[in-house]
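Colleague: This is the structure I have questions about; it appears just below.
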Amino acid sequence: MNLGAMGEESKAKWEGKFIVELAENSAEQVWPYIEDFCNIHKLIPLNICYKLEGMQGQPGLIRYCANTIKGDDADTETTIMNWAKEKLLSIDHVQRCLSYEIGENNMGFKSYVATMKVVAFNEDAEVGGCKIEWGFVSDPVEGWILQDLNSFIHSNLQVMAKNIEAACSEAT
């Protein structure tokens with residue numbers, strides 16, 4: 001699995017794009033995991049993800065995602081529930097890409113739009129490897145620096161790729 005990244009910090013918008021390669025899995029094998037918008041918790045570390053409204057696989061679909069974070073605060077243990085409502089903006093099954101935005105949340109996001117795309121290594125998407133691209137454009141996130149967001153997406157993409165590889169292996 002190869003991982004590449006680029007990120008650019010500016011006062012107005014944050015932008016980044018991360019790529020992970022899955023050498024053993026075709027784009028046709030990987031896309032169903034990405035397009036399953038309300039089951040992202042099966043791929044990345046989330047406690048909860050479910051449909052709030054809309055139709056599965058259709059723009060306008062809104063999912064609720066939440067994760068419990070435990071930490072130590074001096075003498076007492078604290079638990080924080082991070083949550084976000086995310087809206088599917090577009091989905092293209094032929095090009096194997098989707099975009100979504102973060103709406104209401106308690107994590108400091110004001111404006112965040114991401115695009116996820118599965119790209120085949122060759123013309124026949126049913127054979128050979130592929131790559132997953134996760135790009136974003138965001139206003140600066142309250143309480144974060146760009147490197148925090150880049151690290152968050154980078155680590156989630158790595159976990160996602162490993163979980164997809166494992167699921168594809170079990171399916172064959």
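The values are calculated or read from the model by the stated rules, or taken from the named source; none is laboratory data. Keep in mind it's a predicted model, so treat the numbers as computed, not measured. Note that we place each Cβ from the backbone using ideal geometry, even for glycine, and neighbour counts take in every protein chain shown. These area figures cover heavy atoms from the full protein model, side chains too; ligands, DNA and RNA do not enter into them. Shrake-Rupley method; radii C 1.70, N 1.55, O 1.52, S 1.80 Å.
Colleague: With a probe of 1.4 Å, find how much accessible area the chain has per residue, and write the answer as a whole number in Å².
Modeller: Computed with neighbouring chains in place, this is 55 Å² per residue.
Colleague: Compute the long axis of helix 146-171 from its Cα atoms, compare it with the longest principal axis of the Cα atoms of the chain, and write down the angle in degrees, 0 to 90, nearest 10.
Modeller: Orientation of helix 146-171: about 40 degrees from the principal axis.
Colleague: Right, next: Mind jotting down the distance between the C-alpha centroids of the stretch 115-134 and the stretch 154-172, whole Å?
Modeller: Centre-to-centre distance over Cα atoms comes out at 14 Å.
Colleague: 222 nm [θ] for the chain, helices only, -39500 (n - 2.57) per DSSP H run of 4+, per residue, to 500? Kindly include the intermediate steps, with their values, before the conclusion.
Modeller: Details: 2 runs with 35 residues, N = 172.
Computed mean residue ellipticity for the chain: -7000 deg cm²/dmol.
Colleague: List the residues, sorted by chain then number, that are 5 or more residues from residue 36 or on another chain and whose placed amide H is less than 5 Å from its amide H.
Modeller: Here the answer is none, since no amide H 5 or more places off falls under 5 Å of that of residue 36.
Colleague: I've got another one for you. Taking the Cα centre of the chain as the origin and placing charges on Cβ (Lys, Arg +1; Asp, Glu -1), which of 132, 40, 106 is farthest toward the positive end of the dipole?
Modeller: 106
Colleague: Shifting gears a bit: 7 Å from Cα along Cα→Cβ at both residue 39 and residue 166: what's the point-to-point distance in nm?
Modeller: Calculated label separation equals 1.6 nm.
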